[in-house]
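Please read the structure below before turning to the comments.
Nothing in this text is a laboratory measurement; each read-out follows from the coordinates by a stated rule. Everything numeric in this text was worked out from a predicted model, so none of it was measured. Note that each Cβ is placed from the backbone with ideal geometry, even for glycine, and that neighbours are counted across all protein chains shown.
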Amino acid sequence: MREIQFREALREAMSEEMRIDEKIFLMGEEVAEYNGAYKVSQGMLDEFGPERVIDTPIAELGFAGIGVGAAMNGLKPIIEFMTFNFSLVAIDQVINSAAKMMSMSGGQFPIPIVFRGPTGNAGMLSSQHSQNFENWYANTPGLKVVVPSTPYDAKGLLKAAIRDNDPVIFMESELMYGDKGEVPEEQYILEIGKAHIEREGSDVTLVSFGKMMKIAHEAADELAKDGVSAEVINLRSVRPLDYPTIIKSVKKTNRLVIVEEAWPLSSLATDIAFNVQKDAFDYLDAPIKRVNSMDLPLPYAPTLIDAILPNVKRTLDAVHSVMYK
């Protein structure tokens, strides 16, 4: 199977869907003439023209609102935020318009829109450009929230998001755009709301999503050297969240560690922990452990970034704790 970059997988997903459906268009800052801030949309202006690949001013609230209005009128916008930190400027349109319009209109106005762009830290970009809002958006009825971790996931999930009749928040990572992975030549779609067991195990369940999957897999490799068998689950989407897959795994392994880049208070890890103890309490042999970022704005200095973010050591410490080692 061929290997392509994460950014190429996203580009293929958008381009393939735009060739199928002329109602789909891409809009955002630098998506056209500059080929995208991260070169995700490279070449798309040449293929689809300026009416379907549209550069905007630095005005997230404005072009997010245009996207919602276009979706209400039968189009299928893909709105790119240069980073989801900037989506805070547009959050009124995302939360109060896109997420609620179907319900408020009694079903008259579905909103088939995708808001996509990078989330989380991207190295030394400091506090205002390094935040994770997956749990914020997942807390909103009416939205679906997808966080891919590989080029394969990125393509299959983005195609599903574009075809979805509901608004989808599609959160990527600046640090992963250059990552390579196997992606089939043929068309495929991945179901939103279905987690993927990427590694079978029997001693502990590791749950994560997005770029933190790298931490989960590295930790599982280290645990295997000590004879500990970790089951690794990639959530893929965090709303809807596939609780049955997690609970079934915990009933087998009896231990759970959740790795998430967001801050700990009201995190997705918190909600997962609640639901597992609610539905699988009698199967747990140890308290559930969460590995989150420290409860601080992300600093600039790389040494402090390493200290604050989830890492393999903290994940291994959590596993050793639930195994009473």
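Calculate, in nm to one decimal, what Glu182 and Leu88 gain on full extension: separation in residues at 0.36 nm each, minus their alpha carbon distance. Walk me through the numbers on the way to the answer.
Numbers: separation 94, 0.36 × 94 = 33.84 nm, distance 3.35 nm.
Full extension of this stretch gives 30.5 nm more.
Find how much the distance from Glu51 to Asn139 grows on full extension, using 0.36 nm per residue of separation minus their present alpha carbon separation; answer in nm with one decimal. The partial results should precede the final answer.
Numbers: separation 88, 0.36 × 88 = 31.68 nm, distance 3.38 nm.
Result: 28.3 nm gained on full extension.
Annotation: amide H-H contacts under 5 Å for Ile54 (H modelled 1.01 Å from N, sequence separation of 5 or more, or interchain): Leu26, Met27, Gly28. Here the contact order of the chain, divided by its residue count and restricted to Cα pairs under 8 Å and six or more residues apart, works out to 16 percent.
Each part gets one Cα centre, and for the range 1-32 versus the range 137-193 those centres are 12 Å apart. Can you spot the lysines whose alpha carbon is less than 24 Å from Lys289's alpha carbon? Ignore those fewer than 8 places along the same chain. Qualifying lysines at Cα under 24 Å: Lys194, Lys211, Lys214, Lys225, Lys248, Lys251, Lys252, Lys278, Lys313, Lys325. Rounded to whole Å, the principal axis extents of the Cα atoms in the range 249-325 read 44, 27, 15, largest first.
Here the simple spin-label model places points 7 Å from the Cα toward Cβ, and for Asn96 and Glu218 these points are separated by 4.2 nm.
Need one number for the range 63-143: average projected area of the convex hull over its C-alpha atoms, nm². If you can, show how the numbers build up before the last one.
On the way: hull surface 20.1 nm².
Approximately 5.0 nm², given one-decimal rounding.
Before anything else, pin down the relative contact order of the range 144-286: Cα pairs under 8 Å, at least 6 apart, normalised by residue count, whole percent. Can you show the working numbers first?
Numbers: 252 pairs, mean separation 37.7, N = 143.
Reported as a whole number, the value is 26 percent.
Over the range 86-212, the fraction of Cα-Cα pairs per 5 Å bin, rounded to whole percents and listed from the shortest bin up, is 2, 9, 18, 20, 19, 15, 10, 5, 2, 0. Its relative contact order, with pairs defined as Cα atoms under 8 Å and 6+ residues apart, puts the range 1-126 at 23 percent.
How large is the convex hull of the Cα atoms of the range 195-325 per residue, expressed in Å³ as a whole number?
Numbers: hull volume 13.2 nm³, N = 131.
With only Cα atoms used, the range 195-325 gives 101 Å³ per residue.
If a spin label sat at a point 7 angstrom from the Cα of Leu296 along the line to its beta carbon, no backbone N atom of the range 119-144 would be nearer than 12 Å. Using Cβ point charges alone (K and R +1, D and E -1), the dipole size of the chain about the Cα centre works out to roughly 780 debye.
Could you give the Stokes-Einstein D for the range 104-174 in µm² per second, using the C-alpha Kirkwood radius, 25 °C, 0.890 mPa s?
Details: Rh = 13.3 Å.
Rounded, D is 185 µm²/s.
All C-alpha to C-alpha distances of the chain, sorted into 20 Å bins beginning at zero, yield P(r) values of 33, 57, 11, 0 percent in whole numbers. With both labels modelled 7 Å from their Cα along Cα-to-Cβ, the Ser229 to Ile189 distance reads 3.6 nm. By how many nm would the segment from Ser126 to Ile58 lengthen if fully extended, with 0.36 nm per residue of separation less the alpha-carbon distance? Between Ser126 and Ile58, full extension yields 22.4 nm more.
Evaluated at q = 0.17, 0.21, 0.26, 0.35 Å⁻¹, a Debye calculation over the C-alpha positions of the range 94-134 (equal weights, vacuum) places log10 I(q)/I(0) at -0.60, -0.71, -0.85, -1.14.
Sorted on the mean count of surrounding Cβ atoms within 10 Å across their residues, most packed first, peptides 26-39, 245-258 read 245-258, 26-39.
Averaging Cα coordinates gives a centre for the range 77-91 and one for the range 244-294; these two points are 30 Å apart. Shown here: the range 1-130, whose C-alpha atoms stretch 44, 39, 31 Å along the first, second and third principal axes, sorted largest to smallest. Axis angle, to the nearest 10 degrees, between helix 60-72 and the longest C-alpha principal axis of the chain: 80 degrees.
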